[in-house]
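Remarks on the structure that follows.
The values are calculated or read from the model by the stated rules, or taken from the named source; none is laboratory data. Predicted model, so just to flag it, every value in this text is computed and none were measured. Glycine also receives a Cβ, built like all others from the backbone with ideal geometry; neighbour counts cover every protein chain displayed.
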Amino acid sequence: MKTWQHILLGFLLGIISVGLIALAVVPPRGLPIQLMPAPTQQPITVYVTGCVNSPGLFQLANGSRVVDAMKMADGNCPTANLAGINLAARLVDGMQVDIPFEGNQSTTHPVVNQNNPSEQGNQIQEASININTASWEVLETLPGIGPDRAKQIVQYRQKIGRFLTLEDLLNVPGIGTTIFNQIKPFLTLE
């Protein structure tokens with residue numbers, strides 16, 4: 001290699017070295033990333049009535065269950081009929097949970113009324129029945145579903161497996177779009 005080529009090569013390597021050093025030393029441009037604290041969920045308020053020791057309004061953590069609401073109301077009274085109550089049902093803000101007295105023929109999860117707190121009656125809570133875990137006795141409380149269809153749902157679930165979507169119920173013999181649309185608001189996959 002000739003001398004002028006050595007000089008040119010040295011000059012190019014010098015320029016490249018200065019450029020790399022400048023890139024390493026110069027701070028990055030732009031706005032720094034700001035991490036925000038995790039959002040805290042607001043508590044929910046539920047109205048617990050019926051056969052509990054201290055009925056009333058209670059604030060609970062979001063994601064609480066019916067059993068948590070009963071604990072806040074100092075537990076159920078000795079004459080409570082807990083047989084038809086799903087103590088694991090999730091609560092939502094503004095919900096009423098009515099624990100029935102012994103002798104009441106409540107066959108729903110807790111009597112829950114989200115629309116009108118003064119309205120009484122055995123109403124199934126919206127999205128309260130887990131289609132993947134509910135027994136046929138619970139499923140038959142749904143509108144348009146009797147014991148036979150409820151048993152078909154359970155048999156289908158045992159044979160095919162978990163329902164991945166609510167629309168999978170349309171594959172169960174005897175469940176058409178009319179019945180499906182009636183029961184859909186009361187079902188969940190959780």
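Condition check ((1) in a loop (DSSP other than H, G, I, E, B); (2) at pLDDT below 80; (3) under 24 Å from Gln41 (Cα atoms); (4) not aromatic (Phe, Trp, Tyr)) across all residues:
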| residue | (1), (2), (3), (4) |
| --- | --- |
| Ala83 | yes, yes, no, yes |
| Asn116 | yes, yes, no, yes |
| Lys159 | no, no, no, yes |
| Phe163 | yes, no, no, no |
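Per the listing Gly50, Gly19, Gly14, Gly30, the residue uniquely surrounded by 10 or more Cβ atoms within 10 Å (Cβ to Cβ), at positive phi and either modelled with pLDDT of 90 or more or not hydrophobic (A, V, I, L, M, F, W, C) (or both) is Gly50.
Rundown of residues vs (1) more than 18 Å from Arg90 (Cα to Cα); (2) assigned by TED's automatic domain parsing to the domain that holds Gln96; (3) outside any strand (DSSP E or B), yes/no style:
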position: Ile16; (1), (2), (3): yes, no, yes
position: Ile21; (1), (2), (3): yes, no, yes
position: Leu31; (1), (2), (3): yes, no, yes
position: Gln34; (1), (2), (3): yes, no, yes
position: Val48; (1), (2), (3): no, yes, no
position: Ser54; (1), (2), (3): yes, yes, yes
position: Phe58; (1), (2), (3): no, yes, no
position: Asn62; (1), (2), (3): no, yes, yes
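Yes/no per residue for (1) buried (at least 19 other Cβ atoms within 10 Å of the Cβ); (2) more than 25 Å from the chain's Cα centre (by Cα); (3) within 26 Å of Ile183 (Cβ to Cβ); (4) at pLDDT 85 or above:
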site: Ser54; (1), (2), (3), (4): no, yes, no, yes
site: Gln96; (1), (2), (3), (4): yes, no, yes, no
site: Gln105; (1), (2), (3), (4): no, yes, yes, no
site: Gln125; (1), (2), (3), (4): yes, no, yes, no
site: Asn130; (1), (2), (3), (4): no, no, yes, no
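Only a single criterion out of (1) more than 29 Å from Ile99 (Cβ to Cβ); (2) polar (S, T, N, Q); (3) part of a loop (DSSP other than H, G, I, E, B) is not satisfied by Asn181, namely (3). Going residue by residue through region 65-72, is there one that turns out to be charged (D, E, K, R), free of Cβ contacts under 8 Å to residues at least 12 places away in the same chain and either over 30 Å from Asn130 (Cα atoms) or exposed (fewer than 13 other Cβ atoms within 10 Å of the Cβ) (or both)? Scanning region 65-72, I find no residue that is charged (D, E, K, R), free of Cβ contacts under 8 Å to residues at least 12 places away in the same chain and either over 30 Å from Asn130 (Cα atoms) or exposed (fewer than 13 other Cβ atoms within 10 Å of the Cβ) (or both), so the answer is no.
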